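Novice: Input: one structure, supplied below.
The values are calculated or read from the model by the stated rules, or taken from the named source; none is laboratory data. Nothing here was measured: the structure is a model prediction, and the numbers come from that model. All Cβ positions, glycine included, derive from the backbone under ideal geometry; neighbour counts span all protein chains shown.
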Amino acid sequence: MEVKKARRFTFVQTPLLGYNQGKATINGSAMVAGRKLEAKMKIHELIVEMKLLERRLTLYEEKYGVLSEDFYTALMAGELAHYDAYDETRADFSRWKGIYETWLRRKEAYTEQIRQRELVGALRVQPAY
């Protein structure tokens, strides 16, 4: 396990995280493990998880003034590289990216499960007493 020190933060490289030009990135094995998890989740579990992730994404969207989709597009295009010099921003961007990628995987799994069955079968209707 390799430890990298920054001015205020200590970054530890684990098997799930790698570093690419100072940014933490999820490697392929973590993505595969994540996809297996989503495949086992039920539709209502995916919805609950997505809503929790959306709440966390909203904090970053409000802080930085852009939607997560636009942030992710710019980050992946390399347009935000000059922010790597700032420890807080780099840490925030790394977390924001991870949360958004998790949300995307959950959304993809939800869409796939809805396509495979009729909506009527997915509804969780509580009986009226």
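Novice: Just give me the residues in segment 52-101 being within 30 Å of LEU123 (Cβ to Cβ) and surrounded by fewer than 12 Cβ atoms within 10 Å (Cβ to Cβ), in sequence order.
Specialist: ARG55
Novice: Oh, and also: Limited to segment 65-115, what total is found for residues that are under 14 Å from the mean Cα position of the chain (by Cα), basic (Lys, Arg) and under 24 Å from HIS44 (Cβ atoms)?
Specialist: Qualifying residue count, segment 65-115: 3.
Novice: Give me the pairs, please: first residue somewhere in segment 32-54 and at positive phi and of a type in the set (S, T, N, Q), second residue anywhere and surrounded by 15 or more Cβ atoms within 10 Å (Cβ to Cβ) and modelled with pLDDT of 85 or more, beta-carbon distance under 8 Å, and either six or more positions apart or on two chains.
Specialist: none
Novice: Oh, and also: What tally of residues in segment 33-75 results from selecting those that are modelled with pLDDT under 95 and touching a Phe, Trp or Tyr at 6+ places or on another chain (Cβ under 6 Å)?
Specialist: The qualifying residues number 1.
Novice: Could I ask something else about it? Do any residues in segment 83-98 that are farther than 15 Å from GLU61 by Cα have Cβ atoms under 6 Å from those of residues that are aliphatic (A, V, I, L, M), where the two are at least six apart or on different chains, and which pairs are they?
Specialist: Note: pairs meeting the criteria are ASP87/ALA6.
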